[in-house]
Amino acid sequence: MKHHEAIPLLPVARGEGCWLYDFEGRRFLDAISSWWVNLFGHCNPRIGAAIAEQLGRIEHVLLAGCTHEPAVALAERLARTTMGRLGHCFYASDGACAVEIALKMSFHYWRNAGRPRKRRFVSLEGSYHGETLGALAVTDVALFRDTYAPLLMAGSRVASPDWRGAQPGESAADYAVRRALDLAAHLEAHGEETAALIVEPLVQGATGMAMYDAEYLRRARALCDRHEVHLIADEIMTGFGRTGTFYAHEQAGITPDFLTLSKGLTGGYLPLSVVMTRDAIHEAFHDDAVTRAFLHSHSYTGNPLACRAALATLDIFDEDAVIAGNRARSARLTAAAAPLATHARVRNFRNTGMIWAFEVAGAGESYAREFAARALARELLLRPLGGTVYFMPPYAIGEEETDLLARRTVELLDEVP
Ligand SMILES: *Cc1c(COP(=O)(O)O)cnc(C)c1O
């Protein structure tokens, strides 16, 4: 709030498609999908209509001892997105809740399996999995973590396969193989006490859009199998087509033991998250003894309005062949951004699916704030992460908006010191 004494908050009156409008009628292109949640634009008529219809049936009912149609239909639809491999859904409300659930469920599975020593979690350097205490314990972003470090459970971190760490001449895939050796060594030494490895597949978002080769995920899957360690794929940001496939882990041809989803799940409309897992893990909790069951509840778990928004979102994926359409959208933005890729101040220009990022040479302490403020003056809502500028537009972005985004970002690079 102190910073906002100098840079006022953006008062949003309404939204339509990729645009936000203030009370004076000025417009801003939401080039970061309102923090990575929005897929098909603001005030999308199809999602809005689905929620309105649900509002006339049942707005909320407890999901303990009761069930309802949107929760069941959504679980079945989501199971199909994994070819039935992850056929069990546990609902919660926010991304961090889903991460908490996956961690607890992994630990509890091993306990039920007579392996209570398996209680440590491994994450990657630069990871982000949310900011509640359990999620923060597997998060490695100093700004969010350091203050609360004394409160967090102990865990381990292994080096990230982020290709910016590669040696000159070393490919992203070779680098991924090399970094997987670190994981191998870690699990060799600590596999016995490790419950799970948690990763953001292909793109580590909050740390600054670090991108890595799918080979790392293939190796990680094999290593987890060898050492009897769960693989948690946190696709809260990468899911729902963001990286070019419906889920990022598909690009490695692997199946995780747990999949956490939120953000785009409801098209950016309502808070909802889910942890998906496979039969064998579900079975380990299926018992008369209540302490063997998984007890974890949030009051708004499986909210019908949110589930309905998610179903409408999945309908749009099917009806509009979104994944295929995004290939063309992605190619167009990459082409429009060519002047950025070659700009004198730009380093490590990179793209995965519908995410673009680059570092700005010479960016100082307050660069992100300064850049964001000047972007608003050019009708762009952008929030760089330190010296990393990124685009993560809604899939509803049109051709003119794409060109405008790229062109004005070049102007900003020339303008912001
Ligand atoms: C945003 C995010 C989370 C946390 O989700 P919230 O809904 O903000 O709690 C967890 N993991 C990843 C990869 C994320 O990008």
Residue count, the stretch 318-337, condition in contact (Cβ under 8 Å) with a residue 60 or more places away in the chain, within 30 Å of residue 415 (Cβ to Cβ) and part of a helix (DSSP H, G or I), comes to 5
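Identify the residue in the stretch 232-253 that is of a type in the set (D, E, K, R) and touching a residue at least 40 places away in the same chain (Cβ under 8 Å) and, among all such residues, is farthest from the ligand (Cβ to nearest atom). Don't jump to the end; show me each part of the working.
Within the stretch 232-253, the subset of a type in the set (D, E, K, R) is 234-235, 242, 250.
Still in the list and also touching a residue at least 40 places away in the same chain (Cβ under 8 Å): 234, 242.
Working: 234: 5, 242: 10 Å.
Of everything passing the filter in the stretch 232-253, 242 is farthest from the ligand (Cβ to nearest atom).
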Among the residues of the stretch 346-354, are any among the basic types (Lys, Arg) and either over 25 Å from the mean Cα position of the chain (by Cα) or part of a helix (DSSP H, G or I) (or both)?
no
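May I ask you to verify whether residue 66 is away from the ligand (no atom under 16 Å from the Cβ), free of Cβ contacts under 8 Å to residues at least 40 places away in the same chain and in contact with a strand residue (DSSP E or B) (Cβ under 9 Å, 6 or more places away or on another chain)?
Details: away from the ligand (no atom under 16 Å from the Cβ): yes; free of Cβ contacts under 8 Å to residues at least 40 places away in the same chain: yes; in contact with a strand residue (DSSP E or B) (Cβ under 9 Å, 6 or more places away or on another chain): no.
Considered against the rule, which asks whether it is away from the ligand (no atom under 16 Å from the Cβ), free of Cβ contacts under 8 Å to residues at least 40 places away in the same chain and in contact with a strand residue (DSSP E or B) (Cβ under 9 Å, 6 or more places away or on another chain), residue 66 comes out as no.
Give me the residue from the stretch 95-112 that is among the charged types (D, E, K, R) and more than 14 Å from residue 301 (Cβ to Cβ) and, out of that set, farthest from the ligand (Cβ to nearest atom). Steps first, answer last, please.
Residues of the stretch 95-112 that are among the charged types (D, E, K, R), as a first pass: 100, 104, 111.
Next, from what is left, pick out any that are more than 14 Å from residue 301 (Cβ to Cβ): 104, 111.
Details: 104: 15, 111: 24 Å.
Per the criteria, the residue is 111.
Go through the stretch 30-67 and count every residue that is of a type in the set (S, T, N, Q) and farther than 19 Å from residue 299 by Cβ. Give the steps one after another, and end with the answer.
Taking the stretch 30-67 first, the residues of a type in the set (S, T, N, Q) are 33-34, 38, 44, 54, 67.
Going one step further and asking which of them are farther than 19 Å from residue 299 by Cβ, we end up with 33-34, 38, 44.
Total meeting the criteria: 4.
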So residue 86 fits all but one of (1) surrounded by 23 or more Cβ atoms within 10 Å (Cβ to Cβ); (2) within 16 Å of the ligand (Cβ to nearest atom); (3) not basic (Lys, Arg); what number is the exception?
(2)
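In this structure, is residue 123 part of a loop (DSSP other than H, G, I, E, B), crowded, with 17+ Cβ neighbours inside 10 Å, assigned by TED's automatic domain parsing to the domain that holds residue 195 and within 16 Å of the ligand (Cβ to nearest atom)?
Details: part of a loop (DSSP other than H, G, I, E, B): no; crowded, with 17+ Cβ neighbours inside 10 Å: yes; assigned by TED's automatic domain parsing to the domain that holds residue 195: yes; within 16 Å of the ligand (Cβ to nearest atom): yes.
Considered against the rule, which asks whether it is part of a loop (DSSP other than H, G, I, E, B), crowded, with 17+ Cβ neighbours inside 10 Å, assigned by TED's automatic domain parsing to the domain that holds residue 195 and within 16 Å of the ligand (Cβ to nearest atom), residue 123 comes out as no.
For the stretch 266-301, give me the residue count where each residue is away from the ligand (no atom under 16 Å from the Cβ) and either more than 25 Å from residue 109 (Cα to Cα) or crowded, with 24+ Cβ neighbours inside 10 Å (or both). Full working, then the answer.
First, the residues of the stretch 266-301 that are away from the ligand (no atom under 16 Å from the Cβ): 277-295, 297, 299.
Within this subset, residues satisfying the condition of being either more than 25 Å from residue 109 (Cα to Cα) or crowded, with 24+ Cβ neighbours inside 10 Å (or both) are 277.
Going through the stretch 266-301 one residue at a time, the tally reaches 1.
Kindly provide the set of residues from the stretch 16-54 that are within 16 Å of the ligand (Cβ to nearest atom) and buried (at least 19 other Cβ atoms within 10 Å of the Cβ), ordered by number.
Answer for the stretch 16-54, where residues must be within 16 Å of the ligand (Cβ to nearest atom) and buried (at least 19 other Cβ atoms within 10 Å of the Cβ): 32, 33, 36, 37, 38, 39.
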What's the number of the only condition in (1) away from the ligand (no atom under 16 Å from the Cβ); (2) touching a residue at least 40 places away in the same chain (Cβ under 8 Å); (3) not assigned by TED's automatic domain parsing to the domain that holds residue 231 that residue 57 fails to meet?
(3)
Return only the number of the condition from (1) touching a residue at least 24 places away in the same chain (Cβ under 8 Å); (2) surrounded by 16 or more Cβ atoms within 10 Å (Cβ to Cβ); (3) more than 16 Å from the ligand (Cβ to nearest atom) that residue 190 does not satisfy.
(2)
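The values are calculated or read from the model by the stated rules, or taken from the named source; none is laboratory data. Predicted model, so just to flag it, every value in this text is computed and none were measured. Neighbour counts are summed over all protein chains in view; Cβ atoms, including those assigned to glycine, are modelled from backbone coordinates with ideal geometry.
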